[in-house]
Amino acid sequence: MSRVDPLSDALTNIKNHETASKRVCLIRPASKLLGEVLRVMQEKEYISTYEFIDDGRDGMYKINLLGKINSCQAIKPRYAVSKNDFEKYEKRYLPSKDVGTLIVTTPKGVLTHRDAKKNLSGGRLIAFVF
């Protein structure tokens, strides 16, 4: 498995486990960014719970799945988006209006595109999930 983009590997792993109807997914290596993405996914109820397991090396996340994810993927390249340009990327990555979530890193932390719009902040697109 490539370790060029751990976030992309992790989201692909989650999607594969969802497709196979698994209830638990282990992801390594763990990272702070992945933890923040999982937090957003949990807030939006795409995953049930997740926990960090310190194995003495890179660490890993144990994720309890709900079976609600149709697709989740990292967005590459990580486009910079101003606060007014989210609609263009919603049309590109999400299946329809009000379905799915773009995950964005902003100066205020990792947020959904809707929260970033409310906070009037732009950022960089890192992933989508629906």
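Observations
Rundown of residues vs (1) among the charged types (D, E, K, R); (2) assigned to a helix (DSSP H, G or I); (3) surrounded by fewer than 17 Cβ atoms within 10 Å (Cβ to Cβ), yes/no style:
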| site | (1), (2), (3) |
| --- | --- |
| 10 | no, yes, no |
| 17 | no, yes, no |
| 26 | no, no, yes |
| 33 | no, yes, yes |
| 37 | no, yes, no |
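- Unmet requirement for residue 78, which otherwise passes all of (1) in the same structural domain as residue 111 (by TED's automatic domain parsing); (2) more than 15 Å from residue 103 (Cβ to Cβ); (3) basic (Lys, Arg); (4) out of contact with any helix residue (DSSP H, G or I) (no Cβ under 9 Å at 6 or more places or on another chain): (2)
- So residue 124, is it basic (Lys, Arg) and surrounded by 15 or more Cβ atoms within 10 Å (Cβ to Cβ): no
- Selection from region 109-130 of residues that are among the polar types (S, T, N, Q) and in a strand (DSSP E or B): 112
- Scanning region 85-108 for residues that are assigned to a loop (DSSP other than H, G, I, E, B) and closer than 24 Å to residue 33 by Cα returns 85, 94, 99, 100, 107, 108.
- Candidates 11, 34, 7: the one that is within 10 Å of the chain's Cα centre (by Cα) and without any contact (Cβ under 8 Å) to a residue 40 or more places away in the chain is 34.
- Counted residues, region 106-120 - those being closer than 18 Å to residue 88 by Cβ and among the β-branched types (Val, Ile, Thr): 2
The values are calculated or read from the model by the stated rules, or taken from the named source; none is laboratory data. Owing to the predicted nature of the structure, the values given are computational and were not obtained by experimental measurement. Note: ideal-geometry Cβ built from the backbone for every residue, glycine included; neighbour counts use all protein chains shown.
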